[in-house]
Amino acid sequence: MAAEGLPTEAVAMADVAIVLLAGRLFVRLSKRVRQPPVVAEIAIGIVLGPSLLGLLPGDLPGRIFPADARPMLAAVAQVGLLLFMFLAGWEMDLGRLRGRGRSVGAMAGLSMAVPFALGAGAAALLAGRYAGEGSGTTAFVLFLSTAFAITAFPVLARIITDSGLTGTRVGSMAMACAAVGDVLAWCVLVLVVAVSESDGPGHFFTVVGLTAAYALAMVLVVRPLLRQLLIR
């Protein structure tokens, strides 16, 4: 049972209604300042969370979003995000990028290089205070640089969809560059994990090798099987 004797399901549905109504209000405000609706949705998430609402007395985030209802809200959010990303990928026309592999690779690399370098510079300045004793400076610099360079793929997809650019060459190029950037970022995160948790060269190469084996299995085995399944 949730707060005040109400069923957890009822509290979760009420929380969904609160988020939707607040999001609708903020979306209207964002249109007046010429911002995408997803920016308003991010803002409402900050407003309803402990960052802003938690500053008021009475523990309002805990009362509005009790701990019992949060797993259900998280599940609803994940399903909604999954459906949206599936539809965004389904509507994206990759045929417009045929023969532009080099352009996509170059743009994706450059779009990551600049923020990655800025993140490395910021990490070098902050490593002495925030790196911690358990993690080395190298892992801290790699992690913060990747955090600077990675693209919020769902946010980009929402901006492209809301702007009506889903079926255009510009929208497809942006989505493709973001996808390439995310793959590169995840590869860097593998190195971060290997560096931060390795007790020696053997453990480091084990993590990298298992990751490479997983990637090869997905490309050489799982992908052909899924293609055959779709054809049938």
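Looking at this structure, is ASP68 at pLDDT 80 or above, in contact with a Leu (Cβ under 7 Å, 6 or more places away or on another chain) and either in a loop (DSSP other than H, G, I, E, B) or buried (at least 16 other Cβ atoms within 10 Å of the Cβ) (or both)?
Spelling it out, it is not the case that ASP68 is at pLDDT 80 or above, in contact with a Leu (Cβ under 7 Å, 6 or more places away or on another chain) and either in a loop (DSSP other than H, G, I, E, B) or buried (at least 16 other Cβ atoms within 10 Å of the Cβ) (or both).
Scan the stretch 150-167 for residues that are open to solvent by 20 Å² or more (accessible area, probe 1.4 Å), touching a residue at least 24 places away in the same chain (Cβ under 8 Å) and either part of a helix (DSSP H, G or I) or within 21 Å of ARG100 (Cα to Cα) (or both) and report the count.
10
Working only within the stretch 168-187, note down all residues that are surrounded by fewer than 18 Cβ atoms within 10 Å (Cβ to Cβ), part of a helix (DSSP H, G or I) and β-branched (Val, Ile, Thr).
The answer is VAL170, VAL183.
Does PHE143 satisfy being open to solvent by 60 Å² or more (accessible area, probe 1.4 Å), among the aromatic types (Phe, Trp, Tyr), without any contact (Cβ under 8 Å) to a residue 24 or more places away in the chain and touching a Ser or Thr at 6+ places or on another chain (Cβ under 9 Å)?
no
The values are calculated or read from the model by the stated rules, or taken from the named source; none is laboratory data. It should be emphasised that the depicted structure is a prediction, and the values quoted were computed from it without experimental measurement. Heads up, the Cβs are rebuilt from the backbone with ideal geometry, glycines too, and the neighbour counts pull from every protein chain shown. Surface areas here come from the heavy atoms of the whole protein model, side chains and all, with no ligands, DNA or RNA. Shrake-Rupley method; radii C 1.70, N 1.55, O 1.52, S 1.80 Å.
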